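Down below is the structure, laid out as structure tokens.
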Amino acid sequence: MRTWVLAAALSIAVPAAAQADKVVVTKTVEADATTTMKHEVLVDASPDEVWAAISTAEGWMGWAVPVARVVGGDPDLIESSYDPAAKPGGPDTIQQRFGARVAGKSLVFRTVKAPAGFPHWDEYQKVTSVFEIEAAGKQTRVRLTSRGYPGSDGGRALVGFFEGGNAMALGNLRQRFATGPIDWAALRR
């Protein structure tokens, strides 16, 4: 639970920088009662710059988390944490498994490890997410679509959490290109 308190504190601390109000969120309940949630934002960067930010551990550290690394030399498995002191494989880490990639266009991923105590983990591991990026004039449109949130109390709690959390994250991505990478150390002071 300590990890989630830190994550919440960091997300609140990111100065209006996050600008989550500029992230458009839509939710759809599917025929199988699962929820699909989409977050969309325009970013002042090229598709190639956005691709580097979403598809690499180094890129993630500029907007999503203070710590990210490739696990065991596998470029499709990234481990991250909101705690800069987190040890590789430690209980405060998150692992994302990248699936299908179309360089510069889309990246499919699933969370395969959550921090200890993450609520509704048994349900969240059913969710698959896709980043899609496309040129939009001088900007890049970034769409994060997450499918498979169960139609249960736990699934609805996850939708509520990630509706705001993903909006904050995409706001951070937008801000990363407006003012530079997030200075995670400054946020902890």
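Is there a residue being touching a residue at least 24 places away in the same chain (Cβ under 8 Å) and either in a strand (DSSP E or B) or among the basic types (Lys, Arg) (or both) anywhere in the range 112-123? So far as the range 112-123 goes, yes, one or more of its residues are touching a residue at least 24 places away in the same chain (Cβ under 8 Å) and either in a strand (DSSP E or B) or among the basic types (Lys, Arg) (or both).
So, in the range 136-159, of the ones that are assigned to a loop (DSSP other than H, G, I, E, B) and in contact (Cβ under 8 Å) with a residue 40 or more places away in the chain, which residue ends up surrounded by the fewest Cβ atoms within 10 Å (Cβ to Cβ)?
Checking each candidate, the answer is Lys138.
Taking the criterion of being of a type in the set (S, T, N, Q) and either farther than 18 Å from Ser129 by Cβ or in a strand (DSSP E or B) (or both), the residues of the range 32-59 that qualify are Thr35, Thr36, Ser46. The residue that is modelled with the lowest pLDDT, counting only those in the range 77-109 that are among the basic types (Lys, Arg) and more than 23 Å from Trp184 (Cβ to Cβ), is Arg101. From the residues in the range 165-189 that are part of a helix (DSSP H, G or I) and among the basic types (Lys, Arg), which one is surrounded by the most Cβ atoms within 10 Å (Cβ to Cβ)? Looking at the filtered set, the residue picked out is Arg174. Checking Val25, Val43, Val14, Val112 one by one, the residue that is under 28 Å from Ala186 (Cα atoms) and at pLDDT 95 or above is Val43 and no other. If the condition is being touching a Ser or Thr at 6+ places or on another chain (Cβ under 7 Å) and either at pLDDT below 95 or part of a strand (DSSP E or B) (or both), then the range 61-76 contributes Val67, Ala68. For the residues Gln125, Gln139, the requirement of being over 28 Å from Arg188 (Cα atoms) and within 17 Å of the chain's Cα centre (by Cα) singles out Gln125.
Among Phe98, Phe162, Phe131, which is in a strand (DSSP E or B), under 12 Å from the mean Cα position of the chain (by Cα), among the aromatic types (Phe, Trp, Tyr) and surrounded by 14 or more Cβ atoms within 10 Å (Cβ to Cβ)? Let's see the steps before the verdict.
Details: Phe98 fails: under 12 Å from the mean Cα position of the chain (by Cα); Phe162 fails: in a strand (DSSP E or B).
It is Phe131.
Applying the selection to the range 50-75, what residues are within 16 Å of Val108 (Cα to Cα) and among the β-branched types (Val, Ile, Thr)? Within the range 50-75, Val50, Ile54, Thr56 qualify.
The values are calculated or read from the model by the stated rules, or taken from the named source; none is laboratory data. Not measured: the values here are computed from a predicted model. Positions of Cβ are generated from backbone atoms using ideal geometry, with glycine treated the same way; all protein chains shown enter the neighbour counts.
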